[in-house]
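All of the numbers you see were taken from the coordinates with simple rules; none came from a lab. If you're wondering where the values come from, they're calculated on a predicted model, not measured in any experiment. Positions of Cβ are generated from backbone atoms using ideal geometry, with glycine treated the same way; all protein chains shown enter the neighbour counts.
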Amino acid sequence: MTFSGPAELDLRDMLEVLPREFTTEQAMEATGWDIKKVRQAIVMGLSQDRLMPRELSGTSYRVYENVAWRREWITKRWAA
């Protein structure tokens, strides 16, 4: 199943400006979007397995990891 629409475009735009790991607050600061738009893009990323959530121990904060970075790291040629 392929999704397309504003949330997909927002997710793409968001991942272009964010580091490998980010919080919702960092995403809001980097994009200038409101919380609803950021959450919608994050939900799209989670549903497509493009983001991986991780909770910070001892807090209620959640960090999201851009899975594309992990894929690139695993498949990167390390030897010369």
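For the reader, a short list of remarks on this structure follows.
- FRET efficiency, SER47 to TRP69 (Cβ-Cβ, R0 22 Å, nearest 0.05): 0.70
- Loop-located chymotrypsin sites (Phe, Trp or Tyr not before Pro) in the range 1-59 (DSSP state not H, G, I, E or B) with no more than 15 neighbouring Cβ atoms inside 10 Å: PHE3.
- With 0.36 nm allotted per residue and the present C-alpha distance subtracted, the GLN40-LEU56 stretch has 3.6 nm of extension available.
- Note on volume of the Cα convex hull per residue in Å³: of the candidates (1) 121; (2) 95; (3) 84, the value calculated from this structure sits at (1).
- The chain, helix-only ellipticity at 222 nm - DSSP H runs n ≥ 4, -39,500 (n - 2.57), divided by all residues, nearest 500: -15500 deg cm²/dmol
- Taking the average, over residues, of other Cβ atoms within 10 Å as the packing measure, peptides 23-29, 39-45 rank 39-45, 23-29 from highest down.
- Dipole magnitude (debye, nearest 20) for the chain, charges at Cβ of Lys, Arg, Asp, Glu: 300
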